Structures are given as C-alpha cells and as structure tokens.
Amino acid sequence: MPGCATARRIWKALRAMAAGAALLAPFSAAADFLPPKTLTVALDDNYAPYSFRPENGPAQGIMRDLWDLWSQRTGVAVDYVAVERSQRLVVLDSGKVDVAGYLVGTDTRNASYLIAPVPPVEVEMVIFFDKAISGITGVESLDGFTVGVVGKGSCTDFLQEHGVTKLKDYGDWDKLFAAAARGENNVFCSGRAAGIRRLYKLNLQGEFKLTATLFAKPAVWAVRKEDTALRDFIAAGFTLIRPAERAAIEEKWIGRPVESLWDNPALRFLAWMLAAAAIGALLLVTWNRSLRRQVAAKTMGLAVSERRYRELVEALPVAIFESDAEGGNTYSNGVWVEMTGLSRSQTLGEGWIAAVHPEDRAALHARWRAAIQARESFRSEHRLCRLDGTEFWVMVEAVPRFDASGAFSGMIGSIADVTERRRHEEERLRREAQSQESKKLEALGQFAGGVAHDFNNFLGAILGYAQFIVEDAALDSKGDHPANSSAGRYAQRILTAGRRGRALVEQILTFTRRTRMTRRRFHLSELLGEIEELMFASAVPSVDFRCENADPDAVVEADRDQLGQLLLNLCINAQDALRGRPGSVTVRIRRTRLSAETAVKLQDSNGSDAVTVWTDADGWACAVAGSCDPAASQVSLIVSDTGFGMDAALLQQAFTPFFTTKEKGQGTGLGLAVVRGIVLAHGAALIAQSREGDGTSIEIVLPRIEIAIPRPGSIAGGPAALPAAARSRRRILLVDDDADFCDMMHLLLERLGFEVVPYTRAKEALEDFRELPATWDALITDQNMPEMSGLELLAVVKAVRPDLPCLICSAFSENLTDAALREAGALALIRKPVDKDLLLATLERALGTAREARVH
C-alpha cells in the first residue's frame with residue numbers, strides 16, 4: 001500500500017536522525033514499531049476555532065485541518081471523534097481513541113500521559129472587557145470586577161493564583177458569550193483566538209476590548225503512557241507541515257486579530273497631533289473669551305445645582321413645599337401631589353388649603369398667616385383629605401428663608417404622613433390607660449380585701465348584738481315595734497344601717513373580683529321571676545316595669561347570686577335614670593346574635609378590662625367590654641329604660657368606679673362598675689347603647705348552655721335538720737382572733753341552744769382540742785388569723801379527728817375556692833357578717849351529715 005510505504009520511509013528517516021542525536025535512546029526501544037494504518041483522534045466538540053462540531057456535523061476547526069494535513073504528509077488515515085472537553089482523556093484511557101487531539105498542557109497531564117506540542121500553536125489567554133470600561137490593562141487591574149470563567153481551567157487557576165477571587169463560572173463557553181451579548185457579563189477570561197471568533201459570530205467585535213496576553217499555553221496532544229513510539233511517530237509527522245501552511249489554516253479560522261485603536265501607530269500619532277492642536281487652540285483664546293466661559297460656567301453651575309436640588313427634592317419620601325413672602329405656595333413636589341390628589345397647579349397660591357380637612361381649615365390658615373407675618377418657624381399637626389374623601393393626619397414643619405440681602409423671601413417646609421404614628425400613639429395611650437386602670441383596680445381590690453376582713457368583723461359584732469336586742473324586745477320579722485320598745489326601734493335602725501354597710505362591702509368585693517364565685521347551671525328565667533317580684537313591690541307608681549321572656553328554656557352557667565346582684569343593679573339604675581318622670585323599665589331575656597360592628601369591637605378589645613366607646617351612624621353612643629364567641633349560642637339579659645340617655649363621654653364614665661350623676665348621698669357610683677366586674681369575671685360581654693332623649697339599653701351576653709336541666713324543686717334536699725332538743729348536747733369549738741366577733745358568735749350559738757367554748761388564739765384552741773378530741777362535735781374557725789390560718793388549723797384537727805364537722809367563717813374569701821375547702825375537709829363557708837338562720841341551717845346540716853356518716 002502506498003501509504004504504508006511512505007510511513008515506513010518516514011520512520012526510517014526518523015531513526016536515522018535519532019541515531020545522531022539525544023533522541024536515540026527512546027527510539028531504540030521501539031525498533032520494531034510499525035505505524036498504524038488508521039489513527040483515531042479525540043477532538044473538543046465546543047472550543048471554536050480550535051476544535052468544534054456544528055449541529056449534526058463532523059468536527060471542524062484549526063486542529064482538524066492540521067490533523068488532515070498531517071494525514072496527507074504521513075499517509076496514515078485519521079478518524080475523528082468529537083467529545084466534550086471533560087471526556088477527551090476519558091476516551092483515551094478507555095482505548096476508544098489513540099490520541100487526545102487537542103489539550104492545553106498542565107503539570108498533571110504531563111505526569112499522566114505522553115504529551116507533545118502541536119507546533120507552533122499556542123493558546124494565548126487574555127481578558128475581554130466592554131468598551132465602556134476603562135483602566136483594565138492586566139490581572140492587577142481587575143480589583144472590584146467580577147470575571148466570567150468556564151470551569152476549573154487554566155484561566156481560573158491563573159486568576160486565583162494572582163489574587164482575583166470574584167469569579168463567576170458559566171459552565172460552558174456558549175453561556176459565557178451569551179451572557180456577554182445580553183450585557184450581563186462585561187469582563188471575562190478566554191483564549192484570544194477563540195474569543196475573537198465568538199465575538200465576530202455574535203456581531204460583537206466592536207463592543208469589547210482585550211488586554212495583552214496574560215499567559216500562553218502550548219496546544220498539545222496526548223497518547224497513553226506506554227505509547228512512546230506512537231508519540232514520536234506523530235511528532236515527526238507534524239514536522240513535515242510547513243509554517244506557511246499552518247499560518248494559512250489559522251487565518252482561515254481566526255482572520256486578522258482585533259486591534260485597539262491605540263495599538264495602531266497612525267491613529268496614535270493622529271491622536272497626539274489632535275491633542276497638541278487642541279492645547280494650542282486653548283492657549284490662543286483671548287481674555288474676553290476666557291471671561292465669557294467663566295460666566296457661562298458659573299451660570300451652568302447654578303443651573304446644574306438647581307436641577308440637582310429639584311431632583312433631590314422630588315426623590316425625598318416626604319412632601320416638600322415652598323412659599324413666597326406673602327405665604328402663597330410656589331412649589332410642591334410629587335409626594336405632596338400624590339398625597340392629596342391635587343395637581344401641582346391646584347396647590348399654587350392659596351389652593352393648597354382645599355386639601356385641609358374642613359374642620360381644621362380656619363384655625364390652620366390663621367396660624368399660617370401669623371407665622372408668615374412674624375417670619376417665624378411653623379409647626380402643625382392636622383388632618384388632610386384626599387379627593388376620595390379619605391382623611392389622614394400630617395405633620396407640617398416650615399422654616400423662613402432669607403435672600404442674600406437678608407430680606408424675608410418665604411417659607412420652605414415638609415409634610416409627613418403621621419397617621420400610623422398617631423394610631424400607634426393612641427394605642428399606646430389606650431394600653432397605658434388600661435394598665436393604669438388595672439393597677440388602680442388591683443390596688444383597690446387589695447385595699448378592699450384587707451378592709452373587708454376587719455370591717456365585716458365589726459359589722460358582724462354590731463349586727464349580731466343588734467339582732468339580740470331586737471329579739472329580746474320581741475320584734476317580729478316585719479319590723480313592727482311594740483309601743484314602749486324604743487331600744488328595739490333603735491336596734492332595728494342599727495340592723496338596717498349595718499346591712500347596707502354589708503351590701504356596700506359586698507359590692508366593692510364583687511367589683512374588684514375579690515369575692516368567691518360559685519358557678520352552677522340554672523334557668524335564667526329564675527332571676528327574671530325574682531326581679532319581677534322585687535321590682536313590682538318597690539317600683540314607684542310612675543314607672544312601668546315590664547318583663548319579657550323570649551327564651552324561657554335558656555340555661556346559663558354562672559354565679560347565681562352575682563348575676564342576681566347584676567340584674568338588680570341594672571334595674572335600680574334604669575329606674576333612677578327616669579329621674580321621677582313617667583317612663584318604663586323593661587327586662588328581656590332572648591336568644592341573640594351580635595351585629596357585625598359589635599363583634600368586631602369585642603374582638604378588638606380582646607377580652608380586656610377596658611370599655612370601648614364609639615358613636616354609631618344614628619347618633620347612639622355605644623360601649624362594649626368583655627368577650628364573646630360569635631359562633632357559639634348566646635342568650636342576652638337586657639335592661640332598658642326610657643330615661644334621659646347619655647352621650648359617648650358620659651357613657652365612658654358610667655362604668656368608672658365611684659362615678660355617679662346622682663345627688664350627694666343618693667348613690668355610691670358602684671352600680672355599673674359592679675356590673676362590669678361581674679361580666680368580666682364570667683367571661684361574658686357587656687353591650688350598652690344610649691342616646692340623649694331616647695334612654696339607655698344595657699345588654700349582658702352569656703353563653704347559652706344547650707343542655708336541659710331540671711326545674712327548681714324537682715330534686716329532694718340534703719340531710720334532715722338537727723332536732724332542736726339535741727342542740728344542747730352539741731359542743732362547738734369556736735376560734736376567731738377578733739374578740740368582739742368571737743363573743744358575739746359565742747352568745748349567738750348559745751342562744752341557738754349549743755354548748756360553745758370560744759378561743760381567740762388558734763394555738764390555745766388546738767392544745768385544748770388535742771387533750772380531749774372526742775368531746776367536740778364541730779369546729780367553727782376564722783380563716784385569717786395571726787398564728788395560723790383556718791385551713792391550717794383544719795389540717796391539724798382533721799389529722800386527729802377526720803370525722804369532725806368543720807366550718808370556715810370568714811369575711812374575705814378570695815383564696816377559699818371549692819377545691820381548697822374540699823381538700824382541707826371543710827363542709828361549708830359561712831360569710832361574715834353572719835346570717836343567723838343561714839348559720840343555724842348550715843351547722844345543723846353539717847352535724848346531721850356527720851351523724852348519718854357515723855350511723856352508716
């Protein structure tokens with residue numbers, strides 16, 4: 001075959017040359033080497049112009065043409081395999097190809113493969129940069145720029161070695177140059193020839209400049225480590241290609257290099273000549289022209305300064321305005337226009353006043369004119385209105401301006417929207433008011449709790465002894481007095497006053513939520529029947545008292561006594577609101593569903609103690625407090641009157657403790673405050689509506705229990721009462737640190753027929769109890785005592801006599817919950833001042849229960 005003969009001639013010539021040179025040693029080892037008939041070469045499929053493959057086409061480029069020329073010179077056929085850059089050495093290692101046809105030489109590759117250059121091809125690496133960028137001359141001037149690169153290649157290694165860290169890896173060359181075409185990649189590193197070709201292809205040859213060569217790497221090809229003879233054979237073949245042939249191939253694919261204008265000597269000379277001419281022309285300018293330029297420059301400077309000032313003013317986030325010396329507006333920026341909806345022309349002169357809220361215009365205009373006249377700073381916080389009617393609050397601040405001569409020339413100021421700030425401030429003040437009120441109520445509660453204990457002890461003694469006087473004077477239960485019993489009449493007056501004092505203390509405790517609350521389920525109609533009977537008996541003739549029950553089966557879970565007190569307070573207040581005029585008071589029970597506005601107001605209050613007050617569209621003053629679940633079933637207890645009514649300010653104060661509109665001595669100011677306290681304690685909602693001349697309606701919204709319960713009287717009572725004859729055989733241990741109250745209780749129990757041993761010191765009583773614990777039938781003890789509390793005394797007594805009936809008698813029961821009483825073993829809590837009948841019934845029931853327990 002002719003090709004084989006030619007190859008053999010080359011091989012013989014090579015051996016002859018090597019015999020006389022330093023290459024003799026490696027060739028001698030391959031004396032039996034025979035050139036292949038076909039050589040398979042792997043080329044890069046995407047590194048134009050050196051090696052690339054068009055879509056669905058064969059490999060092309062400088063390296064393809066060089067290998068084709070090598071094939072012609074050696075007579076060995078070449079097959080090409082176009083692969084990704086990362087796969088060239090992979091297919092070489094796998095044996096699929098004989099040669100990796102185009103690489104950039106690195107130390108790692110030199111160590112792993114037999115490498116030989118493709119003379120005289122070198123890859124020159126440069127920095128391409130947008131023509132609008134100046135100052136980039138090499139790697140040292142890249143500080144501050146992000147440089148585009150592709151993969152972990154020679155460019156990346158070189159830049160990192162020279163301290164360039166802001167690199168962006170685009171993954172492949174197509175993406176890098178596409179980003180450059182979009183203007184997203186203005187500085188990047190690439191081979192000089194490859195970069196120029198791609199820029200030409202994208203029609204960007206005039207848009208980018210390039211630096212001098214950063215570094216140059218020879219283009220090499222590689223064979224496997226063991227193919228030494230093949231490497232030498234291929235290298236010898238490349239020596240047969242003439243330099244002119246190589247140059248023609250490079251010009252075919254690269255064309256003529258892109259040159260910067262400054263690299264062209266003729267253009268550079270022309271630039272220097274033009275510069276010299278310009279300098280000469282400047283030197284020939286006359287003094288007059290120089291002066292005119294200075295004037296023009298100053299004029300331009302003023303214009304630029306004015307333009308910058310206007311741009312700054314337009315960019316500010318607040319409204320800016322200027323006025324003349326008469327106070328008329330001469331300028332408004334865009335924020336002022338957006339804020340009000342007025343056009344710039346509409347704000348000029350006095351036109352700006354149209355944006356001010358009608359209620360604020362007169363006062364604001366007067367203060368503005370006064371500031372203009374006085375040449376003083378101006379500050380105002382007022383309302384503006386947009387064209388759609390929306391109101392908002394603004395802060396206006398302005399300072400006087402003076403010209404160069406010191407004359408007043410007008411005002412310049414700013415307008416800031418402070419609506420949100422005012423809302424936050426109002427919310428802060430509201431929360432502070434809530435906190436202050438809570439602290440005040442807490443202090444009042446603590447004071448009331450302390451006073452209640454001592455005061456009820458005093459009242460208990462007073463009422464007890466007064467009751468003894470009444471009984472001894474043979475007064476009947478209706479208060480009729482024997483003709484000659486002045487002591488009885490006086491005692492009855494003491495009882496009446498004392499009971500009023502007891503009710504007042506109870507209301508204070510209820511209001512401050514210091515009283516014990518016992519919840520149970522009952523029919524709300526029970527309260528309606530009681531209040532109806534009471535009010536019909538006590539109402540004045542001019543008052544038409546009505547009861548309407550639209551939900552007779554309504555069941556609630558609440559403290560029945562407190563809810564009764566609430567209803568009584570509302571009815572008394574409603575009757576007093578008529579002020580002696582004819583009118584009506586109506587009590588209603590009905591299922592209810594809250595209005596949307598009321599539900600929102602309650603939701604906003606979030607169950608706080610504060611009363612939220614507003615005026616609705618019909619002029620009714622409305623107030624809400626507490627909380628309510630709009631989705632749950634609700635029942636309302638409503639008390640309304642046709643009295644004089646209240647405005648919003650008065651309605652706000654009506655729920656404040658000790659506030660009253662009644663004459664001195666006619667009210668305590670606790671009626672509605674107690675109502676509010678009971679509502680909040682029950683987790684219920686209070687809704688009030690009032691309008692002057694139309695009366696007032698107060699609605700209490702309670703959760704409705706959807707479970708039927710028996711009517712009163714349908715369940716039998718507890719243990720039978722103790723027979724009166726057996727009382728004298730019952731020995732009572734009585735403990736109370738208040739001597740007056742203890743003596744009164746001692747006498748009261750003895751008058752009821754019991755044997756009583758009183759003690760004012762708990763420890764002394766405990767010592768006597770321990771000596772003979774079986775001789776006692778019951779224990780009645782105060783709770784708040786200096787040596788030990790009543791519950792602590794019960795714990796010791798119960799440890800000795802678990803079956804002993806024990807009662808707590810206390811004026812203040814904040815901590816005496818049902819759970820605490822049960823845990824201590826107390827059968828009941830008796831409230832001071834003591835009601836004789838209740839005491840007797842409770843004691844007899846306790847002794848009867850103990851007796852039944854012993855029997856069983």
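The values are calculated or read from the model by the stated rules, or taken from the named source; none is laboratory data. What you are looking at is a predicted structure, and each value in this text was computed from that prediction instead of being measured. Reconstructed Cβ throughout: ideal geometry from the backbone, glycine too, with neighbour counts over all protein chains shown. To get the accessible areas, we keep the full protein, side chains included, count just its heavy atoms, and leave off ligands, DNA and RNA. Shrake-Rupley method; radii C 1.70, N 1.55, O 1.52, S 1.80 Å.
Couple of notes before you dig in:
- Inter-part distance, region 131-209 to region 549-608, computed on C-alpha centroids, equals 81 Å.
- Per-selection Kirkwood Rh - region 526-603 (Cα, Å, 1 d.p.): 14.2
- Using a probe radius of 1.4 angstrom, the carbon and sulfur fraction of the accessible surface of region 723-848 is 50%.
- Highest to lowest packing among 594-601, 562-569, 613-620, scored as the average C-beta count within 10 Å: 562-569, 594-601, 613-620
- Using the Cβ-Cβ distance between ALA497 and ALA362 with R0 set to 45 Å, the FRET efficiency from 1/(1 + (r/R0)^6) comes to roughly 0.15.
- Accessible surface of region 88-189 [probe 1.4 Å, protein heavy atoms]: carbon and sulfur percent: 49
- Inter-probe distance in nm under a simple model that places probes 7 Å from Cα toward Cβ, at TYR200 and VAL399: 6.5
- Accessible surface ranking that places the most exposed of SER51, SER86 first, with a 1.4 angstrom probe: SER86, SER51
- Placing +1 on the Cβ of every Lys and Arg and -1 on the Cβ of every Asp and Glu, with no other charges, gives region 38-194 a dipole of roughly 120 debye about its Cα centre.
- Spin-label pair ASP107-ARG293: with each label point 7 Å from Cα along the Cα-Cβ axis, the two points sit 5.8 nm from one another.
- Residues ALA212 and SER86, FRET efficiency given R0 of 30 Å [Cβ-Cβ distance, rounded to 0.05]: 0.50
- Formal net charge of residues neighbouring HIS162 (Cβ-Cβ distance under 12 Å; K, R +1; D, E -1): -4
- The peptide list 680-693, 150-163, 828-841, put in order of mean Cβ contacts within 10 Å with the highest first, becomes 680-693, 828-841, 150-163.
- Distance-filtered residues of region 121-147 - backbone nitrogen under 14 Å, label point 7 angstrom along LYS168 Cα→Cβ: 129-130, 144-147
- For the Cα trace of region 34-93, dividing Rg by the Kirkwood Rh returns an Rg/Rh value of 0.98.
- Per residue, region 554-628 exposes an accessible area of 44 Å² to a 1.4 Å probe, with every protein chain left in place.
- Surface composition of region 329-383: carbon plus sulfur atoms contribute 54% of the solvent-accessible area (1.4 Å probe, protein chains only, all chains present).
- Taking 7 Å steps out from each Cα toward its Cβ at VAL337 and ARG369 produces label points 3.0 nm apart.
- FRET efficiency estimate (nearest 0.05) - Cβ-Cβ, ASP79 to ASP157, R0 22 angstrom: 0.10
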